Amino acid sequence: MIKSLWIAFAILFLFSATVCFGSDSQTAYTVRIEPASGELSITARMTLEDDRLFIAPIGANQFPARWAAFILDLKVKGTDGKEIPVSDNGDGTWKIAAKGGDRVDLSYNVKLDHEKHEWSSGIDGAAYVRDWGIFSVGRAFAVMNGEDRKDIDLKFETPKSWKVSGSWKDNGVGSFTVADNNDLSESMFFAGQHREFSIKREGFELLFAIGGPGVVEQESELSQLAGKVMDYYIELMGGLPNPPPGTRFEKVLVVVSPGKTTDGEVIGNHISVILDTSGDPMGAMISRFIFAHEFFHLWNGKSIIPESVSEEWFKEGVTNYYTIKALRAAGALPEGAVFGVLNGLFYQRYSNDEGFGKKTIPAVSSGDDKHKHWGMIYGGGLFAGICSDVAIRKSSGNRRSLDDVIVGLFRDYAGTDKEYSKTELLNRLAALSDSNRGFFEKYVYGAEPVPIAQCLSDAGLDAKVENGQLMVKRKADESAAEKKMIDAMFGGQ
Ligand SMILES: [Zn+2]
């Protein structure tokens, strides 16, 4: 009797010890939002892996302390409530007078005045405050520790009438499970009185958080467009995005807010769009373009990954080509507008780029150059993609196309850790058309301008460059074969 009582005690003791150990190792962040304060108040409880705290290593490079330039009153306390000294290294890292295995409480505030500063890639990749709520990327608020942290609890405390649309696994009522530190920082949320809707396909969710005048009114239009674009990509590629193991995702958050100029940014797998709501039709078109472009990166960029930055033209430029096709398929872009965009948006930026005719596309594809030479990579890359497509279609009687190259890469590389090389890409392009042999060495990896007017003429369009403008239209005497090819390249519904 006594013996079994002891056993019962022992089991009870072991059980409670296990429970304690479990909760002791848990990492939990709480983000408190009081709208009037213009700050996020954050507390975090964690077991340290080492004595270093840090913010995300990407972005906010205009400040020596990077994202930490917005972090105030960082304090660390032990479980006994005693404050632990923290020294700020000034570079977005801190050293604390504690060691791996210590359980600590962090507290700090994030000042949300990011909009007062210049951001080379736009405020859509940082944080902003609006009357209807607050947007922030994870990079802007997450102070982290260690490399191996998993299953982090993240809770938001907001005014009662607010909701939180977050990019993490949603447990309801402002509570999320975050996979790891990368998922914590490569993320975004919108908290406020915005609208939320989602589009689901085969267990994959595209969650929209939209707010503000001029944007909420577009809910049904945005939702229809997003559904059609998603269906086009899934059908084209033969399936949902399939990134390398360990980076799988079931949900993509898209935040859309109004602003003075249209812009977009991808953080992790999530998309932030600022929409110019002034009624400018070009602005409205560009915002749809940005959404569809960023969305296709989940396939071309996240599932199919280049080994080197020298294939940035394929990642960005070819994505632009499929963005145009997707918007055409969704009925969101008339054919005349496509030809207008080829000149107004792409040829102008390409031909007026400082590198045009002087530098190769790969030479301007790294780091800050990528923003400076947008025209070369996004415009020149698009034209190189179109030219290779025309070459393949001409070589195969319009039976094969660039689709075969991108779908082939997706089939062979998606869902693996493998990245494609320049040689592999060029071999695949050349295998479908001899004309693609040598083309890329000359116009992409060489500095000669991509002969886009010639390529479009080869496809059967009336295309020429006149007074610095790329003029494109259908020929009056278009043959049936030409019509078929052009419809396949830029066709709509
Ligand atoms: Zn892109």
query = Only one of (1) within 19 Å of SER308 (Cα to Cα); (2) at pLDDT 95 or above is not met by CYS387, so which one is it?
reply = (1)
request  = Please indicate, with yes or no, whether at least one residue in segment 318-327 is among the polar types (S, T, N, Q) and more than 11 Å from the ligand (Cβ to nearest atom).
outcome  = no
inquiry  = Looking only at segment 266-276, how many residues end up being touching a Ser or Thr at 6+ places or on another chain (Cβ under 9 Å) and under 26 Å from GLY239 (Cβ atoms)?
reply    = 7
inquiry  = Any residue that is more than 22 Å from MET489 (Cα to Cα) and touching an Asp or Glu at 6+ places or on another chain (Cβ under 6 Å) - is there at least one of those in segment 373-385?
reply    = yes
inquiry  = Being in contact with a Gly (Cβ under 7 Å, 6 or more places away or on another chain) and either modelled with pLDDT under 95 or surrounded by 20 or more Cβ atoms within 10 Å (Cβ to Cβ) (or both) narrows it down to one residue among GLY133, GLY92; which is it?
reply    = GLY133
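Please go through segment 238-262 and give me each residue that is in a strand (DSSP E or B) and not small (Gly, Ala, Ser), ordered by number.
LYS251, VAL252, LEU253, VAL254, VAL255, VAL256, PRO258, listed by residue number.
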request  = Kindly indicate the residue of segment 263-292 that is under 16 Å from the mean Cα position of the chain (by Cα) and in a loop (DSSP other than H, G, I, E, B) and also nearest to GLU186 (Cα to Cα) among those meeting that condition.
outcome  = GLY268
request  = Looking only at segment 402-424, count how many residues are in contact (Cβ under 8 Å) with a residue 40 or more places away in the chain and buried (at least 20 other Cβ atoms within 10 Å of the Cβ).
outcome  = 5
key: Per-region count, segment 81-125, residues in contact (Cβ under 8 Å) with a residue 60 or more places away in the chain and among the hydrophobic types (A, V, I, L, M, F, W, C)   = 4
note = Among (1) more than 27 Å from THR261 (Cα to Cα); (2) charged (D, E, K, R); (3) modelled with pLDDT of 95 or more, ARG201 falls short only on (3)
task = Please specify each residue of segment 245-263 satisfying the condition of being surrounded by 23 or more Cβ atoms within 10 Å (Cβ to Cβ) and within 16 Å of the ligand (Cβ to nearest atom).
result = VAL252, VAL254, THR262
query = Name the pairs: first residue in segment 453-465 and in the same structural domain as ALA384 (by TED's automatic domain parsing), second residue of a type in the set (D, E, K, R) and part of a helix (DSSP H, G or I), Cβ to Cβ under 6 Å, at least 6 apart or on different chains?
reply = GLY460/GLU482
request  = Please name all residue pairs, on different chains or six or more residues apart, with Cβ atoms under 7 Å, provided the first residue is in segment 221-244 and is crowded, with 16+ Cβ neighbours inside 10 Å and the second residue is modelled with pLDDT of 95 or more and of a type in the set (D, E, K, R).
outcome  = LEU236/ASP403; PRO244/ASP417
task = Would you please list the contacts, defined by Cβ atoms under 8 Å and residues six or more apart or on different chains, that run from a residue in segment 306-328 that is in contact (Cβ under 8 Å) with a residue 24 or more places away in the chain to a residue that is within 13 Å of the ligand (Cβ to nearest atom) and of a type in the set (Lys, Arg)?
result = PRO306/LYS315; GLU312/LYS370
task = Sort through SER25, SER41 and tell me the only one that's modelled with pLDDT under 95 and either hydroxyl-bearing (Ser, Thr, Tyr) or touching a helix residue (DSSP H, G or I) at 6+ places or on another chain (Cβ under 7 Å) (or both).
result = SER25
query = Which of the residues that make up segment 411-446 are assigned to a loop (DSSP other than H, G, I, E, B), over 25 Å from ILE234 (Cα atoms) and among the basic types (Lys, Arg)?
reply = ARG437
message = Let me confirm something: among PHE314, PHE296, which residue is within 13 Å of the ligand (Cβ to nearest atom), under 14 Å from the mean Cα position of the chain (by Cα) and not β-branched (Val, Ile, Thr)?
response = PHE296
message = Return the residues of segment 299-311 that are polar (S, T, N, Q) and within 11 Å of the ligand (Cβ to nearest atom); say none if nothing qualifies.
response = ASN300
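The values are calculated or read from the model by the stated rules, or taken from the named source; none is laboratory data. This is a predicted model, so every value here is computed, not measured. In this analysis, Cβ positions are derived from the backbone assuming ideal geometry, glycine residues included, and neighbour counts consider all displayed protein chains.
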